[in-house]
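Worksheet for the structure shown next.
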Amino acid sequence: MLRELSGPKVAFLREPQLSDELFVQLRDMIYRKSGMFFNESKKYLLERRIENRLKELGLEKFEDYYYLLKYSPDGEEEFRALLDEITINETSFYRNAPQMEVFQKYLLPEVLKAKKVKQLKLWSAGCSTGEEPYTLAILILEVLGAGISGWSVDILGVDISQSALEKARKGEYGRYTLRNMPLRLVQKYFVKDGPIYKVREEVKKLVRFEAINLLDRSQTNKIRGMDFVFCRNVLIYFDAEARRRVVASFYESLNPGGYLFIGHSESLHGISRSFDLVHFPKVIVYKKNERISTVMSHKPLVL
């Protein structure tokens, strides 16, 4: 918006301002639809992200944008664009090496050994652009080797961001996101094409991607029989109640004795008592409490 002063005509660009009232309305809308919660301390962050959408759409006011989201036939499509804007997709292959080592060296062999049917299922929740589920696929290939031909392996990567999932399905990455991956694995499971590293088909065929809201039980109720759930650095975007609901979904999706990995700085303290802690050096993993699961197997867990 341009403002003219008396005297020499000098134009100033005045950025739109997000009022406290409208911030609450937008914040609550985002929370209802996605589960992501922005408290007052994050008002500036949300304001800057929405400003980017205003500039993209040629809108001057936050009020105009709110009405577009709430009343326009294009509101749902724009809300998905907003989610892409506010979702932070910072991730990498082999992220948090100690967790990956525990998965590969201890827990994956344990689960494989206990299997009566050669079927393995994993859920990467909040998979962003695909680095985590592809990492898991690579580690499974390393453990099973040629024996993988006798196994049914299904790795489900889910995210709320459509643009992130589009990138994940392509399976093409720059060198930076591979910085933590051992060089031997990069050379074995990627095809280098100039500055781009393409995930090999033997890895890609183990992974599928879906757009799912973790707070939508009609969607998450369909995810069952999981041996592992990875939800790392995702719960931090939810408030306490939303975390309880999401973790309850993970509990229901896991097989008895299945494992849940969350971010190394995250905890289920005050969120759920339905998991046993399994300690490793530098790593804590949550195991589905089999005593509870035998009782709750035919009805949803209420936290």
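If R₀ is 30 angstrom, what is the calculated FRET efficiency for the pair LYS287 and GLN187, using the beta carbon separation as r and rounding to 0.05? Walk me through the numbers on the way to the answer.
Details: r = 34 Å, r/R0 = 1.14.
According to the calculation, E is roughly 0.30.
Before anything else, pin down the relative contact order of segment 157-227: Cα pairs under 8 Å, at least 6 apart, normalised by residue count, whole percent.
Values: 59 pairs, mean separation 28.6, N = 71.
In percent, rounded to a whole number, it is 40.
Cα-Cα pairs above 13 Å in segment 218-261: how many percent? Don't jump to the answer; show the numbers that get you there.
Working: 503 of 946 pairs.
Tail of the P(r) past 13 Å holds 53 percent of the pairs.
Given an 8 Å cut-off on Cα distances and at least 6 residues of separation, report the relative contact order of segment 93-222 as a percent. Before the final figure, lay out the partial values.
Values: 171 pairs, mean separation 37.7, N = 130.
This gives 29 percent for segment 93-222.
Sorting ARG217, ARG95 on the 10 Å Cβ count, fewest up front, what's the list?
Numbers: ARG217 14, ARG95 19.
Fewest-to-most Cβ neighbours within 10 Å comes out as ARG217, ARG95.
Given contacts defined as C-alpha pairs under 8 Å and at least six residues apart, what's the relative contact order of the chain, whole-number percent? Display every interim value, and only then the final one.
Details: 421 pairs, mean separation 46.2, N = 303.
Across the chain, relative contact order equals 15 percent.
Using Cα centres only, tell me the gap between segment 174-188 and segment 206-244 in whole Å.
For segment 174-188 versus segment 206-244, the Cα centre distance is 27 Å.
Volume per residue, Å³, of the convex hull around the alpha-carbon atoms of segment 18-86? It would help to have the intermediate numbers written out before the result.
Numbers: hull volume 5.3 nm³, N = 69.
Output value, Cα hull per residue: 77 Å³.
Take every DSSP beta bridge whose two residues both sit in the chain, then give the antiparallel share in percent to the nearest 5.
On the way: 18 of 38 bridges.
Beta bridges within the chain, antiparallel portion: roughly 45 percent.
Take the Cα atoms of segment 115-198, find their three principal axes, and give me the spread along each one in whole Å, biggest first.
Rounded to whole Å, the extents work out to 42, 32, 18 Å.
Plugging the Kirkwood radius over Cα pairs into Stokes-Einstein for the chain, at a temperature of 4 °C and a viscosity of 1.567 mPa s, what D comes out in µm²/s? Before the final figure, lay out each step's value.
Working: Rh = 21.3 Å.
For these conditions, the coefficient is 61 µm²/s.
Could you work out how far apart the two model spin labels at GLU172 and VAL143 are, taking each label as a point 7 Å from the Cα in the direction of the beta carbon, and quote it in nm?
Placing both labels 7 Å beyond Cα along the Cβ direction yields 3.2 nm.
Could you give the dipole magnitude of the chain about its Cα centre, charging the beta-carbon of Lys and Arg +1 and that of Asp and Glu -1, in debye to the nearest 20?
Numbers: 48 positive and 40 negative charges, 268 e Å.
In debye, rounded to 20, the chain gives about 1280.
Can you give the calculated 222 nm mean residue ellipticity of the chain, where each DSSP H run of n ≥ 4 adds -39,500 (n - 2.57) and the sum is split over every residue, rounded to the nearest 500 deg cm²/dmol?
Working: 13 runs with 124 residues, N = 303.
For the chain, the value works out to -12000 deg cm²/dmol.
Where a number appears in this text, it was derived from the coordinates with a stated rule and is not lab data. Model, not experiment: these values are computed from the prediction. Glycine gets a Cβ as well: all are built from the backbone with ideal geometry, and neighbour counts include every protein chain shown.
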